[in-house]
Amino acid sequence: MIKNLYTSLFFTLGYDELFQWLQAEWQGTHNAASSLESCAILLRHAQQLDCSRLLCDSSMAYDGWDELEQWVSTDYLPQLAQAGITHVAWVVARDWSASRTLLDIIQHATVPYISVFTEGLDAYDWLARQPIRR
């Protein structure tokens with residue numbers, strides 16, 4: 001069962017109690033302010049819940065990440081790793097522009113370990129096989 005932690009028009013965050021992972025869903029077009037706010041919410045819950053896995057679904061996201069590309073890969077993702085996230089299953093956007101930006105972010109990230117998917121079910125299956133940090 002997924003416990004809802006936060007819901008807005010553009011971002012939803014839940015905690016899957018069965019698999020013990022955070023599940024983030026990004027929708028629509030983001031700007032720097034909405035992206036930063038959503039990232040802060042995700043980081044705060046990662047710190048509070050002490051979980052090691054994240055299912056990040058950006059399949060319904062559109063443009064709006066260009067301004068934050070370097071920050072996400074070099075600052076934010078390492079903060080998630082420091083909070084305990086070790087594995088991320090990232091479903092890339094169907095929108096070409098957003099997908100390109102997200103792939104650039106992932107390519108330049110050093111931590112946590114990120115595996116990229118085009119389908120949510122594949123991401124779910126992969127993440128379920130990753131170890132839970134104890």
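Some observations on this one:
- Those strands (runs of 3 or more DSSP E) lying entirely in the range 1-44 with at least 2 residues under 12 Å from the mean Cα position of the chain (by Cα): 11-16, 21-28
- Residues in the range 48-102 that are in a loop (DSSP other than H, G, I, E, B) and in contact with a His (Cβ under 7 Å, 6 or more places away or on another chain): S52, G64, W65.
- Within the range 78-106, the set of residues being more than 20 Å from T118 (Cα to Cα) and either in contact (Cβ under 8 Å) with a residue 40 or more places away in the chain or touching a Ser or Thr at 6+ places or on another chain (Cβ under 9 Å) (or both) comprises P78, A81, A83, G84, I85, T86.
- Of the residues contained in the range 106-119, none is found to be under 22 Å from L5 (Cβ atoms) and small (G, A, S).
Quick grid of which residues meet (1) surrounded by fewer than 20 Cβ atoms within 10 Å (Cβ to Cβ); (2) under 27 Å from R133 (Cα atoms); (3) at pLDDT below 85; (4) among the basic types (K, R):
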| position | (1), (2), (3), (4) |
| --- | --- |
| I2 | yes, yes, no, no |
| D16 | yes, yes, no, no |
| S52 | no, yes, no, no |
| L68 | yes, no, yes, no |
| L80 | no, yes, no, no |
| R100 | yes, no, yes, yes |
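The values are calculated or read from the model by the stated rules, or taken from the named source; none is laboratory data. The shown structure was predicted, so the numbers you read here are calculated from the model rather than taken from an experiment. Note: ideal-geometry Cβ built from the backbone for every residue, glycine included; neighbour counts use all protein chains shown.
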